[in-house]
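The values are calculated or read from the model by the stated rules, or taken from the named source; none is laboratory data. Just so you know, these numbers come straight off a predicted model, no measurement behind them. Don't worry about glycine lacking a Cβ; one is built from the backbone with ideal geometry, like all the others, and counts go over all protein chains shown. In case anyone asks, the SASA skips ligands and DNA or RNA and just uses the protein heavy atoms, side chains included. Shrake-Rupley method; radii C 1.70, N 1.55, O 1.52, S 1.80 Å.
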Amino acid sequence: MCSSDLIEIEHALRGRRDYQPDTLQLLYIANRFEFRTRILDWLAAGTMVVCDRYLASSIAYGEAQGVDATWLSTIQAPLPQPSLTLFMDMTPEVSLGRKKADRDKFERDMPLLGRVRESYIRQSSAAGWARINAEQDKDAVTAEVLSAVRSRLGLL
């Protein structure tokens, strides 16, 4: 992972650096491309790879800030595509109640989070997605996640 990418992303998230939305998404995507070969190697070896905030995240946050979703999808097409995307769905208000401290610039912007959620809801209608009701207690969420993963692996 390139430390300068991460430093710039951290500065943006903490409000110390102001990027245009498309530029910030390009930083995130560049960071993902740095891991491309490693992810492909792991997948080729039969390893299950779990990523937090991967391709759909760029689309959701970018789209919520006026960046073209098709463009974001197109530039990420060479990256390994997920076989399952888990959408942990909750309202911004519930999210705020669960994470009260150390919220980044975007996590404090409730209207933005509402638009991000709308994008995720739109995206989650595609094949390969599981929409999890993340407003439930952690045991119920865990059960739904395990069920979605088992279903994807053909274990149900």
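So how much slack lies between Ala69 and Ala126, counting 0.36 nm per residue of separation and subtracting their Cα-Cα distance, in nm?
19.1 nm
Equivalent-ellipsoid semi-axes (√(5λ), Cα gyration tensor) for segment 42-117, whole Å, largest first?
26, 17, 9
What trypsin sites (Lys or Arg not before Pro) does segment 36-84 have in DSSP loop regions with at most 16 other beta carbons within 10 Å?
Listed in order of number, the matching sites are Arg53.
Over segment 17-109, calculate the relative contact order: mean separation of alpha carbon pairs under 8 Å at least 6 apart, over the residue count, as a percent.
Relative CO of segment 17-109 lands at 28 percent.
Quick one: with all protein chains in place, what share of the accessible area of segment 26-95 is carbon or sulfur, to the nearest percent (1.4 Å probe)?
Whole-percent figure for carbon plus sulfur exposure: 58.
Label 7 Å along Cα→Cβ of Leu153; segment 27-49 residues with amide nitrogen under 19 Å?
Label zone hits: 42-49.
Please give the charge dipole size of segment 21-61, origin at the Cα centre, charges +1 on K and R Cβ atoms and -1 on D and E Cβ atoms. Round to the nearest 20 debye.
With only Lys, Arg, Asp and Glu charged at Cβ, the dipole is about 40 debye.
For q values of 0.13 Å⁻¹, compute log₁₀ I(q)/I(0) with the Debye formula on a Cα-only model of segment 38-86, without solvent.
-0.35
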